[in-house]
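Structure, as structure tokens:
The values are calculated or read from the model by the stated rules, or taken from the named source; none is laboratory data. Not measured: the values here are computed from a predicted model. Every residue, glycine among them, receives a Cβ derived from its backbone with ideal geometry; neighbour counts consider all protein chains shown.
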Amino acid sequence: MRVLNFIIRNWPLKIGAVLLAVTLYGAMVVLQTSQQFPGTVAIEVLHQPADSSLIDPKLMPEVSRIRYLAAADVPISQSSFSASIDLGNATVSDTAYSWVKVKLVANDSRIQIMDYQPQQIRVTLDPIVQKQVGVRVVYGTPPAGLSPGLPTVTPSTVEVKGAASIVSKVAYAEARVQIDASGLDVSQDPSLVARDANDAVVDYVTFTPRTVHVDMQVGSQLRSETVPVHVITSGAPAAGYTITSVDVTPAVVSVLGQADALAQLKGKADTVAIAISGATSDVSTKVSLALPAGVTADLTGPITVVIHLQSPASTRSVTMGVVLGGTSSDRVYVLSAPSVIVTLGGATASLNALDTAALVANVSVAGLDVGTHTVSVGYSPPPGIRVLAISPVQITVTITNPASPPPPSPTP
């Protein structure tokens with residue numbers, strides 16, 4: 001009841017106050033001018049996840065068709081407004097997208113924003129990935145009379161990083177160099193440009209390192225030769241092992257250089273030394289060429305080398321004790337020979353590795369009764385070793401019953 005009395009008490013005055021407020025607001029609106037800003041405002045990206053990238057930032061729209069209220073004496077320019085999107089909760093995926101709200105604020109409190117477009121946009125946040133790509137040296141048409149040699153690039157591969165959907169398109173990194181008309185050899189550090197499989201430029205990626213070093217001979221006396229690849233080794237394999245063959249891929253390479261530089265090759269291209277010290281099995285590796293200064297090769301990757309090792313065959317005679325198998329606890333067994341001589345054959349290294357103290361031959365006496373029997377001697381060698389002979393190959397075994405214990409002495 002008190003509330004009702006409060007509401008109806010002095011109601012003419014209260015209604016008059018409301019009408020006055022409405023009148024004053026209407027007057028303010030009339031005094032201000034409703035306008036549309038003719039320009040656009042760039043959208044600032046806030047709170048983008050560190051492990052993500054906006055796909056093609058150039059496609060980010062700008063805020064336009066901005067309608068606002070402001071007094072006639074309030075200056076309006078592009079700096080009067082700020083637009084932004086918050087990507088803190090956006091999905092990071094190369095297949096999904098997110099809708100985010102576009103926030104437009106007036107940088108002057110005397111400006112009241114009525115409307116603008118767009119008020120939300122669709123964004124795709126790709127995960128950041130990286131991969132290794134090769135470097136390809138590119139140069140224009142060389143000056144007349146000059147022949148550029150094969151370039152040497154350091155490093156030959158680089159890491160490209162960016163949005164997953166963009167990095168997947170990168171096929172190689174282009175390093176463009178300039179050939180001087182003076183014929184000086186190239187020694188430059190060009191920046192890298194990402195290219196796809198169709199040689200088109202791929203934007204929005206970064207390289208590590210951003211530049212490479214390119215050395216390239218330029219001259220009028222350059223010539224090329226095709227020479228075999230010669231494998232260089234260092235050290236020796238384990239005792240008893242020798243190199244039987246070497247597989248090289250590619251077996252020959254094309255080299256380029258001045259005549260005096262090519263003469264240092266002596267008809268072959270040596271590899272960097274391959275260590276085989278103590279090796280007991282085939283050595284497989286990838287190496288580069290050790291070319292003299294002024295000589296380059298038309299290689300796009302390392303040389304694959306497989307060095308085959310083998311131990312030569314030999315024989316070894318070993319004295320082995322004879323062990324009975326299948327004995328019975330109620331019999332006594334006597335052998336005609338406690339040991340035999342076994343001749344083994346196989347790789348020298350394998351024979352040398354045998355622990356002769358642990359080797360025993362075996363004889364089976366299972367099922368034999370009391371008496372004298374001729375039995376065969378056998379031995380099971382480890383893998384890679386074979387039995388050539390056993391001397392004697394047969395021995396005799398005498399089986400008897402154990403002696404009976406004497407009768408007890410009579411009690412006096």
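When you scan the range 209-227, do you find a residue that is within 30 Å of Pro312 (Cβ to Cβ), at pLDDT 85 or above, in a strand (DSSP E or B) and in the same structural domain as Thr296 (by TED's automatic domain parsing), even just one? No: zero hits. Among residues of the range 366-386 being of a type in the set (Val, Ile, Thr) and modelled with pLDDT of 90 or more, the one that is nearest to Ser311 (Cα to Cα) is Val377. Taken as a whole, the structure leaves Ser156 outside the set of residues that are small (Gly, Ala, Ser) and within 24 Å of Glu62 (Cβ to Cβ).
Report yes if some residue within the range 61-76 is within 22 Å of Tyr204 (Cβ to Cβ) and in contact (Cβ under 8 Å) with a residue 40 or more places away in the chain; otherwise report no. There is at least one residue in the range 61-76 that is within 22 Å of Tyr204 (Cβ to Cβ) and in contact (Cβ under 8 Å) with a residue 40 or more places away in the chain. Within the range 324-342, is there a residue that is in the same structural domain as Ala366 (by TED's automatic domain parsing), among the aliphatic types (A, V, I, L, M) and either in a loop (DSSP other than H, G, I, E, B) or in contact with an Asp or Glu (Cβ under 6 Å, 6 or more places away or on another chain) (or both)? For the range 324-342, residues in the same structural domain as Ala366 (by TED's automatic domain parsing), among the aliphatic types (A, V, I, L, M) and either in a loop (DSSP other than H, G, I, E, B) or in contact with an Asp or Glu (Cβ under 6 Å, 6 or more places away or on another chain) (or both): present.
Okay, residues lined up against (1) out of contact with any Ser or Thr (no Cβ under 6 Å at 6 or more places or on another chain); (2) surrounded by 13 or more Cβ atoms within 10 Å (Cβ to Cβ):
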site	(1), (2)
Thr327	yes, yes
Asp330	yes, no
Val334	no, no
Ile341	no, yes
Leu344	yes, yes
Ala349	no, yes
Asp355	yes, no
Leu359	yes, yes
Ala366	yes, no
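Being surrounded by fewer than 18 Cβ atoms within 10 Å (Cβ to Cβ), outside any strand (DSSP E or B) and at pLDDT below 90 is a condition met by no residue of the range 243-257.
Scanning the range 307-323 for residues that are of a type in the set (Gly, Ala, Ser) and either within 30 Å of Thr400 (Cα to Cα) or not in a strand (DSSP E or B) (or both) yields Ser311, Gly321.
Taking the criterion of being surrounded by 15 or more Cβ atoms within 10 Å (Cβ to Cβ) and either under 12 Å from Leu46 (Cα atoms) or out of contact with any strand residue (DSSP E or B) (no Cβ under 9 Å at 6 or more places or on another chain) (or both), the residues of the range 87-111 that qualify are Leu87, Ala90, Val100, Val102, Lys103.
The single condition among (1) under 30 Å from Leu150 (Cα atoms); (2) loosely packed, with under 15 Cβ neighbours inside 10 Å that Val135 does not satisfy is (2). Assess whether Thr304 counts as being outside the structural domain of Ala358 (by TED's automatic domain parsing) and either of a type in the set (D, E, K, R) or assigned to a loop (DSSP other than H, G, I, E, B) (or both). So Thr304 does not fit the description; no. For beta carbons closer than 9 Å, sequence separation of 6+ or different chains, a first residue in the range 273-300 that is touching a residue at least 60 places away in the same chain (Cβ under 8 Å) and a second that is of a type in the set (S, T, N, Q) and not in a strand (DSSP E or B), the qualifying pairs are Thr280/Ser311; Gly294/Gln217; Gly294/Gln258; Gly294/Gln264; Thr296/Gln217; Thr300/Ser156. Could you go through the range 69-77 and let me know if any residue there is assigned to a strand (DSSP E or B) and modelled with pLDDT of 65 or more. Yes - at least one qualifying residue is present in the range 69-77. Do we have any residue at all in the range 90-100 that's of a type in the set (D, E, K, R), in a strand (DSSP E or B) and at pLDDT below 95? No: zero hits. Total residues in the range 215-229 satisfying the condition of being surrounded by 12 or more Cβ atoms within 10 Å (Cβ to Cβ) and either touching a Gly at 6+ places or on another chain (Cβ under 7 Å) or within 22 Å of Ser156 (Cβ to Cβ) (or both): the figure is 9. Say we look at the range 264-294 and pick out the residues that are under 18 Å from Val218 (Cα atoms) and modelled with pLDDT under 85; which of these is surrounded by the most Cβ atoms within 10 Å (Cβ to Cβ)? Taking the candidates together, the pick is Gly294.
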